[in-house]
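J.: Below: one structure in structure tokens.
Each value in this text was obtained by applying a stated rule to the coordinates, not by laboratory testing. If you're wondering where the values come from, they're calculated on a predicted model, not measured in any experiment. No Cβ is skipped: glycine too gets one built from the backbone with ideal geometry, and neighbour counts run over all protein chains shown.
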Amino acid sequence: MGNSEEIEKTSTERDGVDRVALDSALLEALDPVATSLRARSTGLPPDQMWAADPVEVSLSVLAAWKVVDEEVKRLTAIAARTAGSYGATYERLGAAWGITRQGARKKWPDAVGKRREGSTLELFGGRAELSWEEAPGGWCWSGRGADGTDDAGRAFPTKEEAAAHAGAFLKEHAG
């Protein structure tokens, strides 16, 4: 067994991850993304879209992985900010990611220690206030729609999620 194989095997055993099952699940999840991108780029019907030059097919799959990679990075940053908002330190974020405290601080500079400043969302003729509340331990919103309806949402893990729910409320009550 070569050195890289030993490292991979050790990593797999240490992580407790069944790589075959993980690969299978990821490839299954990638298929709709790859198919959609390939359909847009070729304009071919679904039954002919993958019957092409192997280089073109491989490049389509690579492009799909790029989309997934960008989304994973975005979701990873949200998870780090969420953990930080609940009190995780850079040391703990780094340990979870397998990097140093300094590496975690560099990777997610806004995850820990930022003031949780509220903001106002004005959409569809209505208004919602976003705020961090310690008691439920999350982002909350309260708002009034353009039609005069009042409502509130509590304990969302991220400010973005609270804003999305507040925005949906304001849209629903645009009057």
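J.: Based on the mean of other Cβ atoms within 10 Å per residue, sort peptides 160-170, 144-154, 78-88 so the most packed one is first.
T.: 160-170, 78-88, 144-154
J.: Okay, moving on. Helix-only estimate, please: 222 nm mean residue ellipticity of the chain, summing -39500 (n - 2.57) across DSSP H runs of length 4 or more and dividing by its residues, to the nearest 500. All intermediate terms of the calculation are to be shown ahead of the outcome.
T.: Working: 6 runs with 98 residues, N = 175.
So the calculated ellipticity at 222 nm is -18500 deg cm²/dmol.
J.: Find, to one decimal place in angstroms, the Kirkwood hydrodynamic radius of region 68-167, where the mean of 1/r is taken over every pair of different Cα atoms and then inverted. Walk me through the numbers before you get to the answer.
T.: Details: mean 1/r = 0.0684 Å⁻¹.
Its Kirkwood hydrodynamic radius stands at 14.6 Å.
J.: Of 36, 51, 157, which is farthest along the charge dipole of the chain in the positive direction, counting Lys and Arg as +1 and Asp and Glu as -1 at C-beta?
T.: Positive-end residue among those listed: 157.
J.: For the chain, what is the charge dipole size about the Cα centre, in debye to the nearest 20, if Lys and Arg each add +1 at the Cβ and Asp and Glu each add -1 at the Cβ?
T.: Value, rounded to 20: 800 debye.
J.: So for the chain, averaging the separation of alpha carbon pairs under 8 Å that are six or more residues apart and normalising by length, what relative contact order in percent results?
T.: Numbers: 207 pairs, mean separation 21.7, N = 175.
With pairs under 8 Å counted, the relative contact order is 12 percent.
J.: Could you order the peptides 24-37, 46-59 from most to least packed, using the average number of other C-beta atoms within 10 Å per residue? Display every interim value, and only then the final one.
T.: On the way: 24-37: 13.0, 46-59: 10.9.
In descending order of packing, they fall as 24-37, 46-59.
J.: In percent, what relative contact order does region 3-107 have, based on Cα pairs under 8 Å that are 6 or more apart in sequence?
T.: In percent, rounded to a whole number, it is 15.
J.: Okay, next question. Going toward the positive end of the dipole of the chain, with +1 on Lys and Arg Cβ and -1 on Asp and Glu Cβ, which of 142, 89, 166 do you reach last?
T.: 89
J.: Further question: Figure the gain on full extension for residue 39 and residue 89 (residue separation times 0.36 nm, minus the Cα-Cα span) and round it to one decimal in nm.
T.: Extra length from residue 39 to residue 89 when fully extended: 13.6 nm.
J.: Could you calculate the FRET efficiency of residue 56 with residue 97 from 1/(1 + (r/R0)^6), where r is the beta carbon distance between them and R0 is 25 Å, rounded to 0.05? Could the numbers behind the result be given before it?
T.: Details: r = 35 Å, r/R0 = 1.41.
Calculated value: 0.10.
J.: About its Cα centre, how strong a charge dipole does region 3-107 have in debye, to the nearest 20, once Lys and Arg get +1 and Asp and Glu get -1 at the Cβ?
T.: Values: 14 positive and 16 negative charges, 183 e Å.
In total the dipole reaches around 880 debye.
J.: May I pose another question? At 0.36 nm per residue, minus the direct Cα-Cα distance, what do residue 18 and residue 132 gain on full extension? Give it in nm, one decimal, please. Each step should come with its number before you reach the end.
T.: Details: separation 114, 0.36 × 114 = 41.04 nm, distance 3.87 nm.
The residue 18-residue 132 span can extend by a further 37.2 nm.
J.: Viscosity 0.692 mPa s, temperature 37 °C: give me the Stokes-Einstein translational D for region 3-107 in µm²/s, with Rh taken as the Kirkwood radius over C-alpha pairs.
T.: Numbers: Rh = 16.7 Å.
Result for D is 197 µm²/s.
J.: Using the Karplus curve 6.51 cos²θ - 1.76 cosθ + 1.60 with θ = phi - 60°, what ³J(HN,Hα) values do you get for each residue of region 95-112, in whole Hz, with x for Gly and Pro?
T.: 4, 5, 8, x, 10, 6, 4, 5, x, 5, 4, 5, 5, 10, x, 9, 7, 10
J.: Right, here's the next one. Can you run phi through the Karplus equation (6.51, -1.76, 1.60; θ = phi - 60°) for region 65-76 and list ³J(HN,Hα) in whole Hz, with x for Gly and Pro?
T.: Result, rounded to whole Hz: 5, 4, 4, 5, 4, 5, 5, 4, 4, 5, 5, 5.
J.: Kirkwood Rh, Cα Rg: Rg to Rh for the chain?
T.: Details: Rg = 22.2 Å, Rh = 20.0 Å.
Here the Rg-to-Rh quotient is 1.11.
J.: What does the charge count near residue 56 come to, summing +1 for each Lys or Arg and -1 for each Asp or Glu among other residues with Cβ under 14 Å from its Cβ? Don't skip to the end; give the middle numbers.
T.: On the way: positive: 38, 40; negative: 53.
After counting each charged neighbour, the total is +1.
J.: What does the charge count near residue 93 come to, summing +1 for each Lys or Arg and -1 for each Asp or Glu among other residues with Cβ under 13 Å from its Cβ?
T.: On the way: positive: 81, 92, 101, 105, 106, 107; negative: 91, 110.
Summing Lys/Arg as +1 and Asp/Glu as -1 gives +4.
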